[in-house]
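Where a number appears in this text, it was derived from the coordinates with a stated rule and is not lab data. Just so it is clear, the structure is predicted and the values come from calculations on it, not from any experiment. Neighbour counts are summed over all protein chains in view; Cβ atoms, including those assigned to glycine, are modelled from backbone coordinates with ideal geometry.
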Amino acid sequence: MRAMLKGIAASDGVACGRVYRFVEPDLTVKKRTITNLDYELNRFHQALEAAVSEVETIETRATKSLGADGAQVFSAHRAMLQDPEVIAATETKIKVEHLNAEVAFATVMNDFAQSFLATDNTLIKERTSDVHDVVKRVTAHLLGVTLPNLALLKEPVVVVTHDLNPSDTVSAASKYILGFVTDLGGRTSHSSILARSLNIPAVVGTQTGTQTLMDGDSVIVNGSTGSVVSDPDQAELDTAKQAMLDRITNMKRLATLRNHTTTSRDGVGVTLAANMGTASDIPNVLQNGAEAVGLMRTEFLYMDSEQLPTEDEQFATYRQVLEKLAPRPVVIRTLDIGGDKPLPYLHQKQEANPFLGARAIRQSLAHQAIFRSQLRALLRASAYGNLRIMFPMIATLDEFRQAKAIYDDERSKLTTARVPLGKIKVGMMVEVPAAALLADRFAHEVDFMSIGTNDLIGYTMAADRTNQDVSYLYQPYHPAILRLVQRIITAGHTAGIPVAMCGEMAGDPIAVPLLLGMGLDEFSMGAGSILKTRQLISQLNAKDLQGLVESAVNSADTSQDVITMVQAAVPDLTQA
């Protein structure tokens with residue numbers, strides 16, 4: 001049935017294809033008394049075999065993207081599915097108690113979960129979540145319903161989902177994803193950032209996408225206008241397919257800029273860097289011609305594990321990233337957990353407002369053993385590439401000094417132990433307004449500053465970027481934001497240190513002319529935006545844009561005023 005949805009234009013481009021609903025199915029089961037025991041035992045074994053095969057596929061893909069350590073959780077799932085004790089206990093319940101397979105297996109596995117919880121070993125207790133995942137997978141096969149998993153995609157689809165979590169997409173078969181449609185989210189939500197990084201058209205915040213669009217529906221997703229059309233007519237399909245071909249042609253043209261440096265028309269050079277989450281992003285970073293990595297988010301190492309990653313596990317990942325990207329500078333951000341990225345196994349207490357609570361550097365300073373382990377891993381890896389360490393969510397000079405003192409202490413210990421170390425620069429994210437206002441003080445204590453606009457905008461405008469009711473306040477072009485950004489850049493340059501930006505604003509075509517005019521040194525963005533931004537900067541005159549910046553910062557009253565000014569100053573912006 002034809003439907004038209006309107007959402008937020010999150011990632012440019014047009015995609016058309018069949019819907020794949022990434023939505024949890026109803027796995028409700030009822031207890032039944034079985035009479036045909038052989039039939040029920042056969043059902044159980046077929047479901048087990050299908051579940052094992054599925055987990056093996058996911059494990060293989062996760063190993064490629066995350067490495068053996070990152071895929072360990074799936075190895076544990078496979079071991080549970082093949083455990084002779086589990087199988088025998090389930091068979092007994094079917095044969096003796098005449099239970100249906102769904103209830104028999106769930107009962108056995110829940111008994112295992114209770115035994116885990118009864119131990120004093122924290123690591124064993126945390127395996128209960130694995131038990132529930134395994135039960136869910138086998139139950140789905142017994143019920144004959146599909147348990148959606150982006151790692152199991154085998155054909156091109158448009159993914160329709162309520163929202164995407166970082167853990168949902170780490171091992172996703174992204175080559176089969178034509179586009180994204182979500183119920184929730186905004187331009188800086190994880191779904192949007194992922195889509196832009198992979199150059200996949202996306203519309204987020206449709207509210208009713210998962211209710212309106214069904215598996216197999218034909219849809220057109222326009223990530224430039226924020227519209228989604230289901231059951232399109234032939235003329236609409238022809239137009240969409242032509243737009244897709246045009247986009248491919250344009251991407252091939254942009255690919256010729258892959259190995260170019262980034263220079264404005266009047267010869268001002270800047271660095272275009274990529275934001276990344278895991279080592280699996282490296283091919284995308286290189287393919288899109290990144291000159292550096294301006295932000296590697298280390299929290300995925302922690303979020304994709306059932307327990308704290310060891311120092312050696314972290315070292316192996318950091319070393320791999322630094323070696324493969326050398327000699328490019330790689331900025332690795334220390335653990336940024338909290339807010340919308342909790343770690344269940346840390347047993348963080350509930351907070352009324354976690355975005356303003358114990359997160360990022362605050363967590364690291366409160367849990368120094370975890371922080372020191374990460375710093376040692378980073379320091380050891382520094383011998384294999386060009387490392388820069390960045391502390392997130394610094395609000396006060398005392399916080400930075402405490403973090404730096406811990407870093408200096410660990411560096412001194414490793415030096416004494418004659419562990420090879422590279423040259424490392426230590427900097428901070430400026431994402432708290434207090435730090436932005438004191439940027440001139442911080443600039444004398446750090447090697448570099450990187451502006452984290454995603455949170456800086458949210459904190460300055462007092463608007464949760466994940467809350468659609470206040471999404472209208474998330475305004476990257478607001479004069480107040482521009483004043484803070486200019487203040488930070490000026491403070492850095494006065495102190496003789498480089499200033500980068502690693503928020504989504506860095507790849508925004510409206511913002512780029514303003515940032516170039518302000519003298520931003522490094523623009524770090526989703527890898528998929530790099531070549532388009534390189535082309536845009538090559539057409540701009542940095543010196544001429546200084547007048548635009550002056551007007552936007554000092555004369556504009558609203559975001560729309562700024563947009564109008566930029567479009568007037570760069571009339572061919574949409575074609576750039």
note = Once amide hydrogens are built 1.01 Å from N within the peptide plane, the residues lying 5 or more places from Val268 or on another chain with amide H under 5 Å from its amide H are Ala542
message = List the lysines whose Cα sits under 28 Å from the Cα of Lys413, skipping any in the same chain fewer than 8 residues away.
response = Lys324, Lys404, Lys423, Lys425
note = Rounded to one decimal in Å, the inverse mean reciprocal Cα-Cα distance for segment 256-575, i.e. its Kirkwood radius, is 20.1 Å
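Given a cut-off of under 8 Å on Cα pairs at least six residues apart, what relative contact order in percent is computed for segment 256-575? Present the calculation step by step, with values, prior to reporting the outcome.
Numbers: 594 pairs, mean separation 64.1, N = 320.
Once normalised by length, the contact order is 20 percent.
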message = Using a 10 Å cut-off around each Cβ, can you sort Val160, Val52 from fewest to most neighbouring Cβ atoms?
response = Val52, Val160
note = Sequence order, segment 224-230: Karplus ³J(HN,Hα) from phi using 6.51 cos²θ - 1.76 cosθ + 1.60, θ = phi - 60°, Hz rounded, Gly and Pro as x, gives 8, 9, x, 10, 9, 10, 9
query = If one takes the longest principal axis of the Cα atoms in the chain, at what angle in degrees, from 0 to 90 and to the nearest 10, does the Cα axis of helix 101-117 lie?
reply = 60 degrees
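Based only on other Cβ atoms within 10 Å, what is the fewest-to-most ordering of Lys532, Lys423?
In increasing order of surrounding Cβ atoms, one gets Lys423, Lys532.
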note = Given backbone amide H placed at 1.01 Å from N, residues whose amide H is under 5 Å from that of Met390, ignoring those fewer than 5 places away on the same chain, are Ile332, Arg333, Thr334, Gly427
task = Go through (i) -0.46, -1.25; (ii) -0.62, -1.25; (iii) -0.57, -1.33 and flag the label whose value is the computed log10 I(q)/I(0) by the Debye sum over Cα atoms at q = 0.07, 0.12 Å⁻¹ for this structure.
result = (i)
note = Phi angles of segment 255-270, converted by Karplus (6.51 cos²θ - 1.76 cosθ + 1.60, θ = phi - 60°) into ³J(HN,Hα) in whole Hz with x for Gly and Pro, give 4, 5, 8, 3, 9, 7, 7, 10, 9, 6, 4, 9, x, 7, x, 10
ask   = For the chain, what is the calculated [θ] at 222 nm in deg cm²/dmol (nearest 500), taking -39500 (n - 2.57) for each run of four or more DSSP H residues and dividing by its residue count?
value = -14500 deg cm²/dmol
remark   = Rounded to the nearest Å, the spacing of the alpha-carbon centers of segment 1-78 and segment 182-261 is 24 Å
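Could you list Lys154, Lys136 so that the one with the fewest beta carbons within 10 Å of its beta carbon is first and the one with the most is last? Provide the component values of the computation, followed by the final result.
Numbers: Lys154 8, Lys136 15.
By the 10 Å Cβ count, ascending, the order reads Lys154, Lys136.
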Reachable lysines from Lys241, criterion Cα separation under 29 angstrom, eight or more residues apart if same chain = Lys6, Lys154, Lys175, Lys252, Lys532
query = How long, wide and thick is segment 37-115, going by the Cα atoms along their three principal axes, in whole angstroms, largest first?
reply = 44, 28, 17
key: Computed over the chain: relative contact order in percent, which uses C-alpha pairs under 8 Å that are six or more apart   = 15 percent
note = Out of Gln350, Val446, Gly13 - ranked by how far each Cα lies towards the positive end of the dipole of the chain, with unit charges on the beta-carbon of charged residues - the top one is Val446
request  = Please list, in chain and number order, the residues 5+ apart from Ile337 or on another chain whose amide H is under 5 Å from its amide H, with Hs placed from the backbone.
outcome  = Ala360
message = In whole Hz and in residue order, list the ³J(HN,Hα) couplings for segment 31-48 that follow from phi through the Karplus curve 6.51 cos²θ - 1.76 cosθ + 1.60, θ = phi - 60°; x for Gly and Pro.
response = 6, 10, 8, 9, 10, 8, 5, 4, 4, 5, 5, 5, 4, 4, 5, 5, 5, 4
key: Percent of Cα-Cα distances greater than 17 Å, calculated over segment 258-315   = 52 percent
